[in-house]
1. Place +1 on the Cβ of every Lys and Arg and -1 on the Cβ of every Asp and Glu in the stretch 54-135, take the dipole about the Cα centre, and give the residue among W127, V81, H95 whose Cα lies farthest towards its positive end.
2. With the chain treated as a Gaussian network of Cα nodes joined by springs under 10 Å, which of S150, S220, S171 yields the largest mean-square fluctuation?
3. Please give the calculated 222 nm ellipticity per residue for the chain, where each DSSP H segment of at least 4 residues contributes -39500 (n - 2.57) and the sum is spread over every residue; nearest 500 deg cm²/dmol?
4. Which one, [x] 19.7; [y] 14.2; [z] 21.7, gives mean projected area of the Cα convex hull in nm² as derived from the coordinates shown?
5. Order these peptides, 155-162, 191-198, 62-69, by their mean beta-carbon neighbour count within 10 angstrom, highest first.
6. In the stretch 35-80, what GluC sites (Glu not before Pro) fall in a loop by DSSP, with at most 16 other Cβ atoms inside 10 Å?
7. For Y128 and K90, what does the FRET efficiency come to when R0 = 25 Å and r is the distance between their Cβ atoms, rounded to the nearest 0.05?
8. Using the Kirkwood radius over Cα pairs, work out the Stokes-Einstein diffusion coefficient for the stretch 185-296 at 10 °C and 1.306 mPa s, in µm²/s as a whole number.
Amino acid sequence: MNNKIVVVIPCYNEEKTIKKVVGDFQKELPEARILVVDNNSTDHTRTEALSVGADVVFEKKKGKGYAVQRSLEEFREDIFVLVDGDNTYKAKDVHKLIDPIANDHADMVVGDRMIIKNRDAFSTSHWYGNKFLNGALNMIFRTRLRDMQSGLRVMNKRFINSTALLAGGFSIEPELTIQAIEKGMIITEIPITLVKRPDGSHSKINAVRDGTIALYTLVSLFRDYQPLQFFAILAAICFSLGILLGWYGTADYFATGLVTRVPSLIMSGFLTIAGLISMIAGLILSSIKRRHDELVVLLNRIKLR
C-alpha cells in the first residue's frame, strides 16, 4: 500500500486505555502516523500516549468535534482513520475499512456497530437512541445508513480537504456523515466488533444530553443543506394549523352570524403569514445554496487543474 495513513485518536481523560489503543494500531498499521488529540485532559493521557510513540497535539476547547477539527489542521496524509480512545473498537477491523478507500471504491467507510452481536456492548438507551437517530437521518436525507454515530471510520483526502466542520461535541459523527451525503461522496458501512469499556474507564456520553444535541444537529443540517424541503415542511405545518384554527374560529359565524372566537382567528392569521414567510425563505435559501454549490464545484475544478 502506497497511501500514507494517519490514525487520529481524540481523547479526554483516557489514561487507562490510550496506551493500548495506540499500541494496537501501531501493530496493525506499523506504517501509519498515530496522532492523539488531547482534548484538555486532566489526567495522564498525554504522558501515556507519548510513552508509546504517538504524536500528541493539544486542543483546549472541550468537545470531540473540536478535537477532530484540530486533527484536520494536522492532516498531511492520504487516508484519515478516526477512532475513539476508549478501547471499545478492535484495531484489526481497520484493514477492512481501509481497503475500499485505498482501492478508491469509497470516500468514507464507517464501522457499523449496530449489529446483533454487539448489542451487549451498548446500554439500552444508547442502542435505541442510535436506532432513532439513524432512522431520522434516513428519513430526512433519503438514505439507508445503519450507524451514523460510529466512532470508527476511514476517510480519503478528497473528502477531508472538502470538509469544513462546525460541530463541537459528539454531534461530529452525524455532521461528517451528512456532509459526505451532501457532497455526493460514496459511503460504505462495514460491520465491526464493539466491546464494552474496560474496568476503570468511564464513558463521557450522556444519553439524553448528547442524543438531544445529535438530533438538534441533524435538524440544523437538514435546514442548512436542504432548505427548500425544511421550510416547505414548516410552511405546511403552519398552513395546516392556520386552516384548522380558521375553521374553528369561523364555525360559530356560519351557525349564528356572530364571531365569538377572535383569538383563534388572530392566531390563524399569524400562522398563515408564518407559512408564507417560511415558503419564501425556503425558496430564497434554496437558490443561495444552489449558487454556493455551483461555486464549490468551480473552485474544485480550478484546484484540480
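1. W127
2. Comparing S150, S220, S171 in the GNM, the peak value goes to S220.
3. Taken over the chain, the calculation gives -18000 deg cm²/dmol.
4. Identified label for the calculated read-out: [x].
5. 62-69, 155-162, 191-198
6. Passing both the DSSP loop test and the Cβ count: E74.
7. E(calc), rounded to 0.05, equals 0.55.
8. Stokes-Einstein gives a translational diffusion coefficient of 86 µm²/s.
Readers should treat all values here as calculations from the given coordinates under stated rules, not as data from a laboratory. What you see is a predicted model; the values in this text were computed from it and never measured. Glycine also receives a Cβ, built like all others from the backbone with ideal geometry; neighbour counts cover every protein chain displayed.
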